[in-house]
Amino acid sequence: MQEIFAEELEQFNFKKDFEIADVKVYPNPANSKINISSQFKIDKIDLYDMLGKLILTNKSESNVIDVSAITNGMYLLKIYSGERSSTKKLVIN
């Protein structure tokens with residue numbers, strides 16, 4: 001059963017789609033701005049609340065995002081680079 005699942009993952013290239021190597025989000029927890037760095041060019045950054053609601057989208061050249069106006073809590077950052085993406089937890093306080 002595990003072999004079949006692994007083959008399906010490989011077939012659909014999930015590993016490539018869901019990983020951008022060395023993505024760093026700091027500071028975390030954050031209260032005013034966050035920095036996002038990666039060895040790849042970042043195309044878009046989406047911030048979601050824990051219910052899956054899109055809070056903001058950043059498509060600018062800057063990898064610094066102002067989160068000072070966002071309510072305190074836990075969020076998910078979805079970071080896109082070409083066909084790859086990575087999801088990181090973020091705490092705003």
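Since every read-out is calculated from the coordinates, none of them should be taken as a lab result. Note that the coordinates shown come from a computational prediction; the quantities given were computed from them, not determined experimentally. Counting neighbours? That spans all protein chains shown, and the Cβs are built from the backbone with ideal geometry, glycine included.
In whole Hz, with x marking every Gly and Pro, tabulate ³J(HN,Hα) for the range 65-73 from phi via Karplus 6.51 cos²θ - 1.76 cosθ + 1.60, θ = phi - 60°.
Once θ is set to phi - 60°, the couplings for the range 65-73 become 10, 7, 10, 5, 8, 8, 4, 4, x Hz.
Using 7 Å Cα-to-Cβ label points, what is the TYR26/LYS53 separation (nm, one decimal)?
Between TYR26 and LYS53, the simple spin-label model gives 3.2 nm.
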